[in-house]
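Novice: My structure is below; once you've seen it, I'll send some questions.
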């Protein structure tokens, strides 16, 4: 048996043909305890992050919005 809690934040900012995307996550995990202590310290904490810059570019047909 495993218990878990997750906190996630995602942001996308668009400015014309450019954008920035980021995500942050914290995840707490508790393994089964025979004593049933629901307030025990976490057994595993995972922290992660992601950040990217994106730019829309013309396709071979010259369109940037998906239209032919």
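Novice: State yes or no: is residue 7 free of Cβ contacts under 8 Å to residues at least 40 places away in the same chain and surrounded by 13 or more Cβ atoms within 10 Å (Cβ to Cβ)?
Specialist: No; evaluated as a whole, the condition is false for this residue.
Novice: For segment 17-49, give me the residue count where each residue is within 14 Å of residue 2 (Cβ to Cβ), over 22 Å from the mean Cα position of the chain (by Cα) and surrounded by 11 or more Cβ atoms within 10 Å (Cβ to Cβ).
Specialist: Within segment 17-49, residues that are within 14 Å of residue 2 (Cβ to Cβ), over 22 Å from the mean Cα position of the chain (by Cα) and surrounded by 11 or more Cβ atoms within 10 Å (Cβ to Cβ) number 3.
None of the figures in this text is laboratory data; all of them are computed from the coordinates on show. The structure displayed is predicted, hence computed values, not measured ones. Glycine gets a Cβ as well: all are built from the backbone with ideal geometry, and neighbour counts include every protein chain shown.
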